[in-house]
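K.L.:
Quick one: the structure is below, questions incoming.
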Amino acid sequence: MPPPSPASIAASTLAAHTSAIEQVIQIMHAHLHEPLSLDDLASAACLRPFHFNRVFRRLIGIPPGEFLSALRLQAARQLLLATSLSVTEICFEVGYSSIGSFTSRFTYMVGLPPRLLHQQASAFEPPSLTISLSSPQIKCLLRTLFLVRSAPRRPFRA
């Protein structure tokens, strides 16, 4: 039996690395609120930390710590916009242990302090869309649509 070709070895290595990185990303999502070190993530991928960092960066485009930080900030932004939790509660909910580092990183990455985003989201009220079916404009529109649809179609003559 001939030895495997370098191309097949490279393809199987890439597939194994891709699978391991996908698994690590799922772990990041599931354990967002917990402290996750490079050693923890590398262990989950069954790789040594230095090699894991290189593989992750090569496949995803950014280092694993930066990716995890982006996931946490995205979750924080969603919580700030959609919940009434305080900024401090959200900070700890997404895995930060310091309100100061959370606020400075959030402000740098998003461009707005978390407290201000939270206040703006709380103050926002979407415009109400109340349509009265008795308004003259609606009646006219409905009549026009009805007439257009019910008008007999004439055959096309060239």
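K.L.:
What are the semi-axes of the equivalent ellipsoid of region 6-123, taken as the square roots of 5 times the eigenvalues of the Cα gyration tensor, listed largest first and rounded to whole Å?
P.N.:
Working through the eigenvalues yields semi-axes of 33, 13, 12 Å.
K.L.:
Within 11 Å, Cβ to Cβ, of residue 68, how many net charges do the neighbouring residues add up to if Lys/Arg are +1 and Asp/Glu are -1?
P.N.:
-2
K.L.:
Find out how many positive minus negative residues lie around residue 112, taking Lys and Arg as positive, Asp and Glu as negative, among other residues whose Cβ is under 14 Å from that of residue 112.
P.N.:
Result for the local shell: +3.
K.L.:
Using a 7 Å offset from the Cα along the Cα-to-Cβ direction at both residue 110 and residue 60, what is the distance between the two label points in nm, to one decimal?
P.N.:
With each label placed 7 Å out from Cα toward Cβ, I get 2.1 nm.
K.L.:
So how far apart, in nm, are the two label points at residue 50 and residue 97 if each is 7 Å from Cα heading toward Cβ?
P.N.:
Inter-label distance under the simple model: 2.6 nm.
Here, each number is a calculation from the coordinates, and none is a lab measurement. Bear in mind that the values here come from a model prediction, so they are computed numbers and not experimental data. Reconstructed Cβ throughout: ideal geometry from the backbone, glycine too, with neighbour counts over all protein chains shown.
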